[in-house]
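The values are calculated or read from the model by the stated rules, or taken from the named source; none is laboratory data. Not measured: the values here are computed from a predicted model. Here the Cβ is made from the backbone with ideal geometry for all residues, glycine too, and neighbour counts use every protein chain on show. Just the protein is used for accessible areas: all its heavy atoms, side chains included, with ligands, DNA and RNA removed. Shrake-Rupley method; radii C 1.70, N 1.55, O 1.52, S 1.80 Å.
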Amino acid sequence: MSSPFRQKLRRFFSHRTAAVGLSITLFVIIAVILGPMILPHDPEMVDFMAVLVPPGFAHPLGTDSFGRDVLSRVLAGGRVSFGISFAAITLAAAAGAMMGIAAGYFRGWCENVLMRIADLLFAFPSFILALLLMVLFGFSTVNIIFAIALVYLPIFARISRNATMLIREEPFIQAARLMGRSPGAIMLTDILPNIATPLLVQASAGLAFAIILEAGLSFIGLGVQPPTPSLGGIMADGREYFSRAPWVLTMSGLAISFALLGINLLGDGLRDLTDPRLRERM
Amino acid sequence: MSDTKVHLAARIATADFRQSLSRSLKATASRLASALLVLLVGSLVVFLTIKAAPGDPALSVLGEQASPEAIAAFHKEHGLDRPLAMQYLSWLGGVLTGDFGASLTVAARQPVSALLFAKLPATLFLGFYALFLAVAISLLLGTLAASQRGKLTDTVCTSISVFGISMPDFWLSYVLIYFFGLGLGWFPTYGYVSPGESLVDALYVGFLPALAIAAPMAAVFSRTLRAVLIETMTRPYVTAARAFGLKSGFIFLHYTFRNALVPYLTVIGLQIRYILGGVVVVERIFGVPGVGSLMVDGSFQRDYPVLLACTIVFLAIVLLVNTVTDSICTLLDPRRSR
């Protein structure tokens, strides 16, 4: 039996980039979810008997200036960073898709207003906009999620508007309209599933950008605030005593690159598989 | 071709170019106007957002224990007791005459415009240096990868790009500092030399920070260039040109590359908003006295006039670069102006 879904699945796994990317991403997700539960060291546990211990058997990635286990902290911080980025991109995709589909479906003034809002947001440098929002509204986790979501919202809005415009005159949409379905139902059940693929591809690329953005904010001290661990925060710590204990910065940096590599390969693979012509345009 | 034919072709080409130039100038003017409109609306939105945010600028200057009288006096001094519309209009009026108000905490009572004037050159220099490096690297990697498609060179170039986008700029900064600064001792790891002082020194001292900003962008650019070049190579007109027996170098330059240039430039325009984010972090790491550092200082000290001014300056840079890349694209492809 070879259903279309199975065929797609087989195509996905025979695509080397996509398969490698998915494996790394899944590994990272499992590690940040399960890691903090399995590892013997609490990421917050201060141990002044084991300050700046180099990587070894007891601490695979060494310890920091408070004697905290770097591996535990990287995984706990990775969980926070991943969680924030995932929530932000999901929010951005949902809100952006709503905006874009409404703009593409209704056209007219609705499209004008919504897309001008998206254009305005899109004109701001991403990091600056997120930074400004964080400073103004406070450094809570929820605010970081909203700030990152707002930065990526216009990209999803543009993609879903363009995709909606392409299919809005298709017979199946016209049929739904003639059957008297409400615009809301048409947009949600007829349009959204048909434009989901480019959104998904963009979401995987956006996830990598969100992780970088969150880490950058936390790195300069204007993101996730201590004691909550975050990858950017751990790296900022490691920078302070880099010459004495280079492993803190190096290991957390390698960890973030590893995760980003997985997500980027996955995104590339998805893009390749779904539409090779769409590559690298956004 | 005979001489007259060449002459005629040249004249047609010149006339064509003139026509597309005038058309693209018109398009540029209208783009510039809409960019100014975006800047105006953007400034209003940022202004209102700052006003809507919790927290009183008086408290960030006078401290949390300030007396109500002192706060009221502060509000009166800075015009914060006036209606919002008045505050915005007077701010806007000031900006139009080059006055961004007075700094609150970063440099008490100093005009923000003086701070911007002092810091903007470093940011512009670093930004354009990074942009130049990113374009240069991506031209090399992207063209190499596309022309050697499927071969080892392609795999190497593509892998470099994937690793490039997986290195956040602040992390790459430290790798560069460690290897090329502290390890090999080739480059200084901190500080800034103004290009007005000595261009060679400025390029030398600014190399590591510019490279840290440029690398992730170079990765994105070269991936774009490779993809577009490969797409263009399969177009019928390239096949036709090859069938005519034109030299492959000529075909690449005049058919493939030229047509790949528009999407490539578009992506560069789109990526400016990320480059400027890199500028903020990297300026901080390398101690470059730029607008990015100023904005981070303003953020820590909640200096609202400084934050507002920096945001507007960054917004203006993005809009300007986008207008320029759009105009070049129209010049290259006149169909876009219609």
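Numbers for the structure displayed
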quantity: Net charge over other residues, Cβ less than 12 angstrom from the Cβ of B:Ala309 (K, R count +1; D, E count -1); calculated: -1
quantity: Peptide B:272-279, shielding by other chains (average Cβ, 10 Å cutoff); calculated: 6
quantity: DSSP H segments from chain A that extend 30 Å or more along their own axis, Cα-based, with Kyte-Doolittle mean of 1.0 or above; calculated: A:16-38, A:70-106, A:141-167, A:196-219, A:246-274
quantity: Between 0 and 90°, nearest 10: helix B:304-332 axis offset from chain B longest Cα axis; calculated: 20 degrees
quantity: Lysines whose Cα lies under 23 Å from that of B:Lys151, excluding same-chain neighbours fewer than 8 positions away; calculated: B:Lys247
quantity: 10 Å-binned pair-distance histogram of the range A:47-90 (Cα, whole percent); calculated: 31, 37, 21, 11, 0
quantity: Helical contribution to [θ] at 222 nm, DSSP H n ≥ 4, -39,500 (n - 2.57), averaged over chain A, rounded to 500; calculated: -24000 deg cm²/dmol
quantity: Within the range A:230-272: backbone nitrogen closer than 20 Å to the A:Arg10 label point (7 Å, Cα to C-beta); calculated: A:270
quantity: Helical contribution to [θ] at 222 nm, DSSP H n ≥ 4, -39,500 (n - 2.57), averaged over chain B, rounded to 500; calculated: -25000 deg cm²/dmol
quantity: Local net charge near A:Arg68, Cβ-Cβ under 9 Å (Lys/Arg +1, Asp/Glu -1); calculated: -4
quantity: The range B:1-140, accessible surface, carbon-and-sulfur percent (1.4 angstrom probe); calculated: 70 percent
quantity: Most fluctuating residue given options A:Phe172, A:Phe12, A:Phe242, as computed from a GNM of chain A linking Cα atoms under 10 Å; calculated: A:Phe172
quantity: Two-site FRET efficiency, B:Tyr190 against A:Arg181, from Cβ-Cβ distance with R₀ of 56 Å, rounded to 0.05; calculated: 0.30
quantity: Å² per residue, accessible surface of the range A:102-259 at 1.4 Å; calculated: 38 Å²
quantity: B:Ala102 long-range amide H proximity, modeled H, under 5 Å; calculated: B:Val112
quantity: Formal net charge of residues neighbouring A:Phe86 (Cβ-Cβ distance under 11 Å; K, R +1; D, E -1); calculated: 0
quantity: Cα long-axis angle, helix B:291-300 against chain B (0 to 90 degrees, to the nearest 10); calculated: 40 degrees
quantity: Paired Rg and Dmax values of the range B:112-337, which use every Cα atom, in angstrom; calculated: 19.7, 67
quantity: The protein assembly as shown: radius of gyration and largest Cα-Cα distance (Dmax), Å; calculated: 26.1, 89
quantity: Label-to-label distance, nm, for residues given as B:Leu152 and A:Ala94 (7 Å Cα→Cβ offset); calculated: 5.1 nm
quantity: Zone of B:Ala53's modelled label, taken as backbone nitrogen in the range B:299-338 under 20 Å from a point 7 Å along Cα→Cβ; calculated: B:299-318
quantity: Mean-position separation - Cα centroids, the range A:209-232 and the range A:67-92, in angstrom; calculated: 9 Å
quantity: Modelled FRET efficiency - R0 30 Å, B:Ile160 with A:Val142, Cβ distances, 0.05 increments; calculated: 0.20
quantity: Rounded Å value of the spacing that divides the Cα centres of the range A:104-133 and the range B:140-203; calculated: 33 Å
quantity: Counting all C-alpha pairs of the range A:7-95, share separated by more than 19 Å (%); calculated: 55 percent
quantity: At most 12 other Cβ within 10 Å, DSSP loop - GluC sites (Glu not before Pro), the range B:35-109; calculated: B:Glu64
quantity: FRET efficiency, 1/(1 + (r/R0)^6) with R0 35 Å, evaluated for B:Thr14 and B:Phe117 via beta carbons; calculated: 0.25
quantity: Reach of B:Lys119 by Cα under 26 Å, taken over lysines that are not fewer than 8 positions away in the same chain; calculated: B:Lys51
quantity: Span from the the range B:62-94 Cα centroid across to the the range B:221-261 one, whole angstrom; calculated: 60 Å
quantity: Drop in accessible area of at least 40 Å² in the complex versus isolated chain, residues of the range A:124-157, 1.4 Å probe; calculated: A:Phe124, A:Pro125, A:Ser126, A:Phe127, A:Ile128, A:Leu131, A:Leu132, A:Val135, A:Leu136, A:Phe137
quantity: About the Cα centre, charge dipole magnitude for the protein assembly as shown (Lys/Arg +1, Asp/Glu -1 at Cβ), debye; calculated: 2740 debye
quantity: Dipole of chain B, positive end: most advanced residue of B:Gly42, B:Gly127, B:Ile165 [Cβ charges, Cα centre]; calculated: B:Ile165
quantity: Crossing angle, helix B:68-77 versus chain B [Cα axis fit, 0-90 degrees, rounded to tens]; calculated: 50 degrees
